[in-house]
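The values are calculated or read from the model by the stated rules, or taken from the named source; none is laboratory data. Because the structure is a prediction, the values reported are computed rather than measured. Counting neighbours? That spans all protein chains shown, and the Cβs are built from the backbone with ideal geometry, glycine included. Heavy atoms of the whole protein, side chains included, go into the accessibility calculation; ligands, DNA and RNA do not. Shrake-Rupley method; radii C 1.70, N 1.55, O 1.52, S 1.80 Å.
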Amino acid sequence: MILSALFFYLFASICVASAFMVIAAKNPVHSVLFLILAFVNAAGLFVLLGAEFLAMILVVVYVGAVAVLFLFVVMMLDVDFAELRQGFLQYLPVGGLVGVIFLAELLLVVGSWAIGPGIPTTITAKIPTDIPNTQALGLVLYTRYVYYFEAAGVVLLVAMIGAIVLTLRHKPNVKRQNTSDQVARTKETAIEIRHVQPGQGL
């Protein structure tokens, strides 16, 4: 029990410190690296809670894909963030007002939030305790919520096809590959023979 508490405070303190450094670091590359550190420590907290599937997803998806993508985009674009921060003070009043509104909403939610006495037992009643967390999540996801899972997959597929169709532009001066024309080529259409006279160029 003491060891788990020590690991909890270790992961939590590093996660909070790295999250603060994400917004405090002047170099955007350092901000992305601190973001990766925050994700890794949050994954450690999930492991302590017994949710190893969420920890794996956090590391694989967010650290392995999203954060690395941010890092490569920031390094390749070479954006001048010092120039972007020049007009920061003129937006400070509006940003402060929005921040105060969000803080008031959070305080209202936290102040009126309550958990019923029967909710924890209801949530964990039908989940077996003798199997791992990942297997239990798979049993629930692919049995009780299988239609919602398939509907979400169809929505994502339609969104991906729609994004490809909307961004596909056929420019008139760009040569594109046409497989049927390439297969139907003959010697007469593919080769042009020119008789060049001696001493003359093409």
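Computing FRET efficiency as 1/(1 + (r/R0)^6) for Phe70 and Ile2, where r is the C-beta to C-beta distance and R0 is 25 Å, gives about 0.10.
Going by accessible area, probe 1.4 Å, with all protein chains left in place, what is the ranking of Phe72, Phe46, Phe39, largest first? All intermediate terms of the calculation are to be shown ahead of the outcome.
Working: Phe72 115, Phe46 65, Phe39 45 Å².
Result, largest first: Phe72, Phe46, Phe39.
For the pair Leu108 and Lys26, the difference between a 0.36 nm per residue extended length and the Cα-Cα distance amounts to 26.2 nm.
On the basis of the beta-carbon distance and an R0 of 41 Å, Val60 and Val165 show a calculated FRET efficiency of 0.90. Multiplying the residue separation of Glu52 and Val158 by 0.36 nm and removing their Cα-Cα distance gives an extension gain of 35.1 nm. The Cα-based radius of gyration and maximum Cα-Cα distance (Dmax) for the chain are 28.6, 100 Å. Accessible surface computed residue by residue for the chain, with neighbouring protein chains in place and a 1.4 Å probe, gives 85 Å² per residue. Counting only protein chain heavy atoms and rolling a 1.4 Å probe, the accessible areas of Tyr62, Tyr148 rank, largest first, as Tyr148, Tyr62.
Could you please state how large a percent of the accessible area of the chain is carbon and sulfur, counting protein chains only and using a 1.4 Å probe? Display every interim value, and only then the final one.
Values: 12310 of 17130 Å².
Its accessible area is 72 percent carbon and sulfur atoms.
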